[in-house]
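Asks: My structure is below; once you've seen it, I'll send some questions.
Rule-based calculations on the coordinates, nothing more; no lab input. Bear in mind that the values here come from a model prediction, so they are computed numbers and not experimental data. Note that each Cβ is placed from the backbone with ideal geometry, even for glycine, and that neighbours are counted across all protein chains shown.
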Amino acid sequence: MFGIGTTELIIILAIVLIIFGVGKLPSIGTGLGQAIKNFKKSSS
């Protein structure tokens, strides 16, 4: 997966938690999921 190891993934997730906080993660995940869904829909 893009050459990212487990350690790098944990560090990235920790930074995201520090920046956005735990409360905003569900809304960020929902927005990201909808964006991917729309992209797949428009490309096909």
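Asks: Do we have residue 30 as surrounded by 10 or more Cβ atoms within 10 Å (Cβ to Cβ) and of a type in the set (Ser, Thr, Tyr) here? Steps first, please.
Replies: Working: surrounded by 10 or more Cβ atoms within 10 Å (Cβ to Cβ): yes; of a type in the set (Ser, Thr, Tyr): yes.
So residue 30 passes the test.
Asks: While we're looking at this one, here's another question. Working carefully through the options 23, 33, 3, find the one that is among the small types (Gly, Ala, Ser) and at positive phi.
Replies: Details: 23 fails: at positive phi; 33 fails: at positive phi.
When all the criteria are applied, what remains is 3.
Asks: Among the residues in segment 24-31, are any among the basic types (Lys, Arg) and more than 13 Å from the chain's Cα centre (by Cα)?
Replies: Initially, segment 24-31 is screened for residues among the basic types (Lys, Arg), giving 24.
Those left that are additionally more than 13 Å from the chain's Cα centre (by Cα): none.
Among the residues of segment 24-31, not one is among the basic types (Lys, Arg) and more than 13 Å from the chain's Cα centre (by Cα), which makes the answer no.
Asks: May I ask you to say which residue of 19, 12 is β-branched (Val, Ile, Thr), surrounded by fewer than 10 Cβ atoms within 10 Å (Cβ to Cβ) and in a helix (DSSP H, G or I)? Give the derivation first.
Replies: Numbers: 12 fails: surrounded by fewer than 10 Cβ atoms within 10 Å (Cβ to Cβ).
Exactly one residue qualifies, and that residue is 19.
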